[in-house]
1. Sequence neighbours fewer than 8 away in the same chain don't count; with that in mind, list the lysines whose C-alpha is under 19 Å from Lys324.
2. Express in whole angstrom the spacing between the alpha-carbon centres of region 435-463 and region 529-545.
3. Just to confirm the filter: which GluC sites (Glu not before Pro) across region 587-678 are DSSP coil and have at most 11 other Cβ within 10 angstrom of their Cβ?
4. What is the packing order of peptides 480-493, 216-229, taking the mean over residues of other C-beta atoms within 10 Å and listing the highest first?
5. Between Ile607 and Glu479, what's the calculated FRET efficiency when r is the beta-carbon distance and R0 is 51 Å? Round to 0.05.
6. Which order do the peptides 182-195, 157-170 take when ranked by the mean count of other beta-carbon atoms within 10 Å per residue, highest first?
7. How much length would be gained if the chain were fully extended between Ser372 and Glu319, taking 0.36 nm per residue of separation minus their Cα-Cα distance, in nm to one decimal?
8. Within region 598-637, what whole-number % of the accessible surface is contributed by carbon and sulfur, with the 1.4 Å probe and all protein chains included in the calculation?
Amino acid sequence: MSAERLFGAGADSSASDSGLEVNFKKYIAIIRRNAVLMAATAASVVVLGVIVTMLITPEYDAQAQVLVQDQADQIIEGSDLQRAGASWDTDRFLQTQVGILQSRSLARRVIEAGGFDRDAGFFDAVGSSMPTDEDLADKGFVKKQFATARRDLAIEALMKALAIKLPVNSRIIAITVSSRSPEYAARLANLYAERYIDGNLRQKYDSSSYARKFLADQLDEARIKVTQSERDLNHYARAAGLIRVASQNDGAKSDTELSVTSSTLVQLNDAASKATADRIAAEDRWQAVSGAAPLSISEVNSNQAVQSLVSSKVKAEAELADAKSRYLDNAPQVKAKSVQVAELDRRINSLADSIKKSSYLDYQAAAEREQSLVSKVESLQEEALNEQDRGVQYSVLKRIADTNRALYDTLLSRYNQINATSGAAVNNIALIDQAEVPTKPSSPKLIINILASIILGALVAGLAALLREILDGSIRSPEDVEAKVGLPLLGLIPLEEKRDLTDALDDRRSGVGEAYSSLVTNLRYSTANGLPPLLMITSSRESEGKSTTARAIANEVARLGKRVLLVDADLRRPTLHHHLSERSQSGLADYLTNQKTFDEIVIPSGIENLSYVTALPMPPEPALLLGGEGVAGFVAEARARYDLIILDSPPLLGLSDSALLATHADSVLFVIDASVFHRGAVKSALRRLNLVNAKILGVVLNRFNPKNAGDGHSYYAYDTYYSYGNSGN
């Protein structure tokens, strides 16, 4: 029975109140039928839940809480390395932090920080045992892998004990660790929070590690280039004979570089220009004094020595004049003064001549110095021009060296800046609550587990009842026939428990008699031509009431004035002869073996219009006889003499007899025992009939007990009709 049919799924939404009442009663009936099963199932689940709860090892939960901000203040303000906050995508940022807390790498850091992979107490606390070297060796690990394998097992155990929870609209993440040991639970939760906070700081510093590594590599390359370019520049300068000196400006800062030759040329050129000016000035002085008397030259008159001599001469002349006034010209005083004056004149003239001659000498010296400097300038000019030609390549190499130096300086400055500013931010994760050692276990919780067991027991009980109804192969109502067999129900024969079935059949006003009368009525209208001339009655297994049904139908049709022949076609276990006074009479087996004629095997029943053909005697090979030509001859003679032929055939399962007989029948009536119904057997039997293209009219449901339906209400009319008139009313 499908669940849809069981619970009325797909029913019309406009069903009447009576229909709803019937469905409700159907549910009550299902519960009533399965009350014991449901009660036992629910009680078993509850008891099992209590037992499991008592056997569960207590678990302790320790919780640490951390506050996660999506932005953090920078320690170094104004740095272009500040990371932008995630305020525009806070939810994704917080979920990322939850993922970090659940990551294997963080669990590894916790295990390594606490040394738990070498702590047997840790493994006991998380519900596992610390693997020994022998255990790891048995799993295929070599000795050098023992530490790694033990650490991996510790990580997996820790991750199973970890629970991360982020409440909605909150930035506080709860880190919960479950353990059999309250001390280990608190220690692990706190260590998780500490490693998470430390890891966040390290991540901020390491976030620029790629940039630092890249810049370090670039610095190494730039340093090599600078060194090589400066070395090339020096080698070229040495090979070309170039000596460069830095020129200094007023700020003592290197501005340009000049060669020694150029500097010397500039200095000599300046000196030559000055020497030319000096020579011209000396020449002008000489030309001015060359034709003049020595004492008329201004340089002579301004000379202090000359002035001193002139003063002495004036004084000597005064003394000479005084002496001449007092003495004779030949007087010694006069002569002495005259000699003194003459000596002073000589000395003055000699000094004047010397001064005049010095102008000429100055002129000659200036001319010689000018000539010397001019010749040196001319010689250095050629050398400077040659050096200038060599300086072109020098300038190229120098520009390369300068460029490499500038690049190196820039990279070095950037590298130093990144090193100084990387991770220079306040941690955006803060510890709110440290985990404390729990005093009460978090699980198991007896009351909650009992309530959960009760709810689960109710669900399991309901599921068990549903499965039982779905898998139940019994017939509980007439509707089950069409649902489970797929054939129309032509007759419903009630279970007779109070008296013998034969007596009930003889009493036409009994419930069984009335049921068979209704069956015959239905058969008369089952085809367009009324009752089929040859009707075969069979079942899936023995003892389902097919022989009784065959006799009842034959009796009812004979009473209607039809000529009826009831044939016991069960050559293996015949039953019809038991109802005869002489049980040794010939039957169908004798006809099929050509031992008797048709007229010899037909036996009057004692009921008008009804005759019998038994299956006697029982042959050794019934299938061989039923598959021969004799059956066709028997059927032909029977059709010619009777209005209705009823074949009481053997069961279908395990035998080929009924399938052989069905090829001769016009229709087949299938009998099902409601008390022992088995869907698989019925389906297999019907499948065999379909293989021989037998026409199945419908089903007779025999031994039906309305009480099994669970609602006597539905079949109250049947019981009333069957008993109507029996009480004398």
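The values are calculated or read from the model by the stated rules, or taken from the named source; none is laboratory data. Values in this document were obtained by computation on a predicted structure and should not be read as measured data. Glycine gets a Cβ as well: all are built from the backbone with ideal geometry, and neighbour counts include every protein chain shown. To get the accessible areas, we keep the full protein, side chains included, count just its heavy atoms, and leave off ligands, DNA and RNA. Shrake-Rupley method; radii C 1.70, N 1.55, O 1.52, S 1.80 Å.
1. Cα-Cα hits under 19 Å: Lys313, Lys315, Lys335, Lys337.
2. 60 Å
3. Those satisfying the criteria are Glu608, Glu629.
4. Ranking, from highest mean packing down: 480-493, 216-229.
5. That gives a FRET efficiency of 0.90.
6. Highest-to-lowest ranking by the protection proxy: 182-195, 157-170.
7. The Ser372-Glu319 span can extend by a further 13.7 nm.
8. 57 percent
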